[in-house]
């Protein structure tokens, strides 16, 4: 892996690209907060009535696309709203607003997500927490950090909780939750009585950041998209944690399920086992198993 990263570093200037990503994430954050303050005029539905998109999502993606492609026109752009699969070795993975439901309803917990991939490998990840305006980032092999307003980079480290009873967890629910029995309720019910606490806060990007910075011990969710996970997965791994799918295999962009933890073997194993046990109780009327495997 180190040799591959060295080769990539010779091909492109990752330091310069990271600086660009941080700047663009800040610009996008400023834009969506300004649009929110001015009042959102259009809030539409996508796949169903709870899957929302606002004019700020579209404007944020347009800004990010323009600024990134201006500097790196050969890199493909894979954004949530345009959703054009990449056709180049290097490509951006972008969620212009992760936590749109929170954003649209004035709940102060959402983020801008930008990652740079070289094939299946995420090289750089940036998450801009809003409206707090906190910047988090990671570079493969170089660690994960929070950049302060003064420009200092504070290392992120996962916590050391090693048992489920003392673990503080987060999760999220899929947009199809009213249509299928396989909707994370069984899993939620299993963990709510077996952990220190469990929250559903509405932003996968920030749930991953919170594992990376040690605020929570683990996070799980199914039916995520690449732009939900790519930056934060890199942060968790670079902060000393572990990220797999529900079967315990290393998470990748094509994975449809995700477990991020502090990497303590007993805890990560307990989350996998808990999900497996909870899912045994799900009614037969559910999504195909392949959706989460």
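The values are calculated or read from the model by the stated rules, or taken from the named source; none is laboratory data. Note that the structure is predicted; figures quoted are calculated from it, not measured. Here the Cβ positions follow ideal geometry from the backbone for every residue, glycine too, while neighbour counts run over all protein chains shown.
Does segment 122-136 include one or more residues that are part of a loop (DSSP other than H, G, I, E, B), modelled with pLDDT of 95 or more and either crowded, with 21+ Cβ neighbours inside 10 Å or touching a helix residue (DSSP H, G or I) at 6+ places or on another chain (Cβ under 8 Å) (or both)?
So in segment 122-136, the residues part of a loop (DSSP other than H, G, I, E, B) come out as 131-133.
Of the ones still in play, those that are also modelled with pLDDT of 95 or more are 131-133.
Subset that is either crowded, with 21+ Cβ neighbours inside 10 Å or touching a helix residue (DSSP H, G or I) at 6+ places or on another chain (Cβ under 8 Å) (or both): 131, 133.
Yes.
For the subset of segment 80-94 comprising residues that are touching a residue at least 24 places away in the same chain (Cβ under 8 Å) and farther than 16 Å from residue 124 by Cβ, which member is surrounded by the fewest Cβ atoms within 10 Å (Cβ to Cβ)?
The qualifying residue surrounded by the fewest Cβ atoms within 10 Å (Cβ to Cβ) is 81.
Scan 267, 234 and give me the residue that is closer than 18 Å to residue 138 by Cβ, surrounded by 15 or more Cβ atoms within 10 Å (Cβ to Cβ) and touching a residue at least 40 places away in the same chain (Cβ under 8 Å).
Working: 267 fails: closer than 18 Å to residue 138 by Cβ.
Going through 267, 234 in turn, just one is closer than 18 Å to residue 138 by Cβ, surrounded by 15 or more Cβ atoms within 10 Å (Cβ to Cβ) and touching a residue at least 40 places away in the same chain (Cβ under 8 Å): 234.
I'd like the full set of residues that are within 18 Å of the chain's Cα centre (by Cα) and more than 15 Å from residue 258 (Cα to Cα), limited to segment 171-197. So that I can check it myself, show each step before the final result.
Let us first name the residues in segment 171-197 that are within 18 Å of the chain's Cα centre (by Cα), namely 171-175, 184.
Of everything in segment 171-197, just one residue is within 18 Å of the chain's Cα centre (by Cα) and more than 15 Å from residue 258 (Cα to Cα), namely 175.
Which of the residues that make up segment 210-223 are within 18 Å of residue 108 (Cβ to Cβ) and surrounded by fewer than 18 Cβ atoms within 10 Å (Cβ to Cβ)?
Once the filter is applied, which keeps residues that are within 18 Å of residue 108 (Cβ to Cβ) and surrounded by fewer than 18 Cβ atoms within 10 Å (Cβ to Cβ), segment 210-223 yields only 215.
Of the numbered conditions (1) free of Cβ contacts under 8 Å to residues at least 60 places away in the same chain; (2) in contact with a strand residue (DSSP E or B) (Cβ under 8 Å, 6 or more places away or on another chain); (3) farther than 16 Å from residue 204 by Cβ, residue 165 satisfies every one except a single condition; which is it?
(2)
Being surrounded by fewer than 24 Cβ atoms within 10 Å (Cβ to Cβ) and part of a helix (DSSP H, G or I) is the filter here, so list the residues in segment 192-209 that pass it. First the steps, then the outcome.
Initially, segment 192-209 is screened for residues surrounded by fewer than 24 Cβ atoms within 10 Å (Cβ to Cβ), giving 192-202.
Listed by number, the list holds a single entry, 192.
Does segment 95-112 contain at least one residue that is part of a strand (DSSP E or B), without any contact (Cβ under 8 Å) to a residue 60 or more places away in the chain and touching a strand residue (DSSP E or B) at 6+ places or on another chain (Cβ under 9 Å)?
Checked segment 95-112: no residue is part of a strand (DSSP E or B), without any contact (Cβ under 8 Å) to a residue 60 or more places away in the chain and touching a strand residue (DSSP E or B) at 6+ places or on another chain (Cβ under 9 Å).
Counting just the residues of segment 143-154 that are within 16 Å of residue 211 (Cβ to Cβ) and touching a residue at least 60 places away in the same chain (Cβ under 8 Å), which one comes out surrounded by the fewest Cβ atoms within 10 Å (Cβ to Cβ)?
Among those residues, the one meeting the criterion is 143.
When you go through 249, 256, 194, 237 one by one, which is the residue that is in contact with a helix residue (DSSP H, G or I) (Cβ under 6 Å, 6 or more places away or on another chain) and within 25 Å of residue 91 (Cα to Cα)? Break it down stepwise before answering.
On the way: 249 fails: in contact with a helix residue (DSSP H, G or I) (Cβ under 6 Å, 6 or more places away or on another chain); 194 fails: within 25 Å of residue 91 (Cα to Cα); 237 fails: in contact with a helix residue (DSSP H, G or I) (Cβ under 6 Å, 6 or more places away or on another chain).
Every option except 256 fails the conditions.
Using the structure shown, decide if residue 115 is touching a residue at least 40 places away in the same chain (Cβ under 8 Å), farther than 14 Å from residue 210 by Cα and surrounded by 15 or more Cβ atoms within 10 Å (Cβ to Cβ). Lay out the reasoning, then the answer.
Numbers: touching a residue at least 40 places away in the same chain (Cβ under 8 Å): yes; farther than 14 Å from residue 210 by Cα: yes; surrounded by 15 or more Cβ atoms within 10 Å (Cβ to Cβ): yes.
The answer is yes for residue 115.
Which members of segment 163-178 meet the condition of being part of a loop (DSSP other than H, G, I, E, B), modelled with pLDDT of 95 or more and surrounded by fewer than 16 Cβ atoms within 10 Å (Cβ to Cβ)? Quick ask: steps written out before the conclusion?
Kept after step one, since they are part of a loop (DSSP other than H, G, I, E, B), are these residues of segment 163-178: 163, 167, 172-178.
Filter once more, keeping what is modelled with pLDDT of 95 or more: 163, 167, 172.
Within segment 163-178, 163 is the sole residue that qualifies.
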